[in-house]
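The structure appears below as structure tokens.
The values are calculated or read from the model by the stated rules, or taken from the named source; none is laboratory data. Because the structure is predicted, anything quoted here is derived from the model rather than measured. Positions of Cβ are generated from backbone atoms using ideal geometry, with glycine treated the same way; all protein chains shown enter the neighbour counts.
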Ligand code: SAM
Ligand code: SF4
């Protein structure tokens with residue numbers, strides 16, 4: 001057993017990482033035919049995509065998916081550690097599983113993902129959650145078949161968590177959630193070390209996949225009839241920096257646009273690495289969706305410095321306006337944290353004034369959550385939770401006003417929508433526009449998931465729009 005270690009994770013080296021080609025051992029393949037697994041995923045798109053790999057590995061072992069954990073022989077939680085509430089949700093689920101294990105002695109329970117990379121979580125599971133059979137970290141995902149196999153045959157807890165900078169694994173099998181849109185990883189890890197964030201510790205250093213491997217994956221998605229790819233990374237704009245001298249995110253976007261997949265999205269973009277070339281390429285190719293997620297975090301340069309974000313309010317605004325001016329019809333969304341240690345009312349008012357200037361199309365807003373071991377935990381914080389909640393409330397009021405205002409501008413217009421299914425109300429379809437807005441619409445002709453249809457917008461709401469198919 002190897003417990004993760006923050007100090008080790010913090011020391012980044014220029015050393016070349018290993019490339020590992022995944023292969024399942026013959027002795028484990030199809031060994032568990034007749035058994036069922038239940039996989040619960042918390043957190044971001046990166047975790048959702050990891051779960052598509054995890055499902056495929058379990059299915060290669062013979063497991064089939066169960067929709068209810070009460071029916072499963074194996075329950076696996078793919079966890080998130082970005083904020084405290086994500087943590088609490090996973091521990092809450094472990095509590096419920098203890099009860100189930102009481103009734104089903106052979107049940108195998110596992111935990112993986114970002115929480116598994118935290119030393120404290122591993123210790124807690126070793127000491128207090130002895131009924132959890134196995135834990136593996138984000139760098140050990142390709143070892144899942146052996147870890148599960150060992151957990152089934154051993155009464156000892158199996159804990160496999162490498163605290164290293166991460167390898168690059170190719171050839172992991174995947175069962176995609178949908179057959180018309182897909183996630184494609186382009187870069188793993190993060191080297192930015194924003195002072196509040198745990199990701200650089202849980203996901204390792206920035207490691208770009210080779211452009212040829214990415215292009216091959218997208219080509220095979222195109223030939224399988226996929227309509228949309230989302231290029232994934234904690235900071236996609238850093239793509240290629242660790243691999244090439246003369247090939248970056250702008251070049252990759254352009255090469256992928258030429259593959260003629262109807263829709264390309266990418267996330268997340270750190271404002272620091274957003275180049276003019278990227279802006280030019282997004283503006284030039286109609287199949288790169290005019291939708292940019294550009295997290296600002298705060299509107300105060302003083303707080304941005306404390307956050308270690310490497311840009312100022314002024315340079316963010318300069319980039320924001322360049323994107324708006326050059327990319328036709330672009331929508332911009334963002335992430336904002338309130339209540340960062342040391343944030344005063346004036347800093348918060350600067351965030352509000354930035355929001356009033358940018359009028360974002362969408363925003364994910366959070367109260368700062370202390371992540372043990374990150375530098376922000378050592379900063380003095382005099383703001384009470386009540387004040388922070390009040391700031392979040394005031395911020396949400398303003399961001400919501402602009403969501404509605406922007407959506408209203410679409411009334412009467414026609415937008416292209418990628419159909420994703422039938423809405424909860426059952427009498428409408430739903431899908432997303434090129435600018436990533438949720439559209440509910442009626443349609444007299446029959447449409448299928450994956451179709452791209454023209455929808456005329458009839459009425460705008462804060463978080464969605466209604467329309468009718470043309
Ligand atoms: N790489 C992206 C970037 O740099 O903008 C962000 C990825 S992170 C998974 C998503 C968002 O979670 C961040 O943009 C930030 O707003 C929020 N976040 C991260 N750590 C947080 C913390 N300790 N407390 C509150 N929100 C946090
Ligand atoms: Fe976290 Fe994003 Fe900063 Fe990386 S760039 S440390 S993932 S907030």
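Exactly one residue among 241, 219, 156, 181 is surrounded by fewer than 18 Cβ atoms within 10 Å (Cβ to Cβ) and touching a strand residue (DSSP E or B) at 6+ places or on another chain (Cβ under 9 Å), and that residue is 241.
What about residue 296, is it within 21 Å of the chain's Cα centre (by Cα) and modelled with pLDDT of 95 or more?
Numbers: within 21 Å of the chain's Cα centre (by Cα): yes; modelled with pLDDT of 95 or more: yes.
Criteria met by residue 296.
Note on the range 422-435: residues that are modelled with pLDDT under 95 and not in a loop (DSSP other than H, G, I, E, B) amount to 1.
Please find, among 72, 90, the residue that is buried (at least 19 other Cβ atoms within 10 Å of the Cβ), more than 26 Å from the chain's Cα centre (by Cα) and either in contact (Cβ under 8 Å) with a residue 12 or more places away in the chain or within 30 Å of residue 168 (Cβ to Cβ) (or both). Steps first, please.
Details: 90 fails: more than 26 Å from the chain's Cα centre (by Cα).
The unique qualifying residue is 72.
Can residue 380 be described as more than 16 Å from ligand 2 (Cβ to nearest atom) and either under 30 Å from residue 120 (Cα atoms) or within 22 Å of the chain's Cα centre (by Cα) (or both)? Steps first, answer last, please.
Numbers: more than 16 Å from ligand 2 (Cβ to nearest atom): yes; either under 30 Å from residue 120 (Cα atoms) or within 22 Å of the chain's Cα centre (by Cα) (or both): yes.
So residue 380 fits the description; yes.
In this entry, residue 188 is excluded by the filter for residues that are more than 11 Å from ligand 2 (Cβ to nearest atom) and more than 28 Å from residue 371 (Cα to Cα). Could you list all residues from the range 188-232 that are within 16 Å of ligand 1 (Cβ to nearest atom) and on the phi > 0 side of the Ramachandran plot? The answer is 189, 193, 204.
With respect to being within 16 Å of ligand 2 (Cβ to nearest atom), outside any helix (DSSP H, G or I) and surrounded by fewer than 19 Cβ atoms within 10 Å (Cβ to Cβ), residue 373 fits the description.
Of all the residues in the range 381-418, those that are in contact with a strand residue (DSSP E or B) (Cβ under 7 Å, 6 or more places away or on another chain) and either assigned to a loop (DSSP other than H, G, I, E, B) or closer than 30 Å to residue 451 by Cβ (or both) number 13. Residue pairs whose Cβ atoms lie under 8 Å apart, sitting 6 or more positions apart in sequence or on different chains, and linking a residue in the range 367-391 that is over 13 Å from residue 341 (Cβ atoms) to a partner that is more than 13 Å from ligand 1 (Cβ to nearest atom) and not in a loop (DSSP other than H, G, I, E, B), are 372/120; 373/6; 391/348. Only one of the numbered conditions (1) surrounded by 21 or more Cβ atoms within 10 Å (Cβ to Cβ); (2) more than 16 Å from the chain's Cα centre (by Cα); (3) within 16 Å of ligand 2 (Cβ to nearest atom); (4) touching a residue at least 40 places away in the same chain (Cβ under 8 Å) is violated by residue 208, and that is (4). Just one of the listed residues (247, 196) is modelled with pLDDT of 95 or more and either away from ligand 2 (no atom under 14 Å from the Cβ) or touching a strand residue (DSSP E or B) at 6+ places or on another chain (Cβ under 6 Å) (or both), and it is 247. If you filter the range 339-372 down to residues that are under 19 Å from the mean Cα position of the chain (by Cα) and within 11 Å of ligand 1 (Cβ to nearest atom), you find that the one that is modelled with the lowest pLDDT is 371.
In the range 413-433, the residues that are at positive phi never reach a residue that is part of a loop (DSSP other than H, G, I, E, B) and buried (at least 21 other Cβ atoms within 10 Å of the Cβ) with C-beta atoms less than 9 angstrom apart, at least six apart or across chains. Considering only residues that are in contact (Cβ under 8 Å) with a residue 60 or more places away in the chain and touching a strand residue (DSSP E or B) at 6+ places or on another chain (Cβ under 7 Å), which ones fall in the range 184-193? Once the filter is applied, which keeps residues that are in contact (Cβ under 8 Å) with a residue 60 or more places away in the chain and touching a strand residue (DSSP E or B) at 6+ places or on another chain (Cβ under 7 Å), the range 184-193 yields 185, 186.
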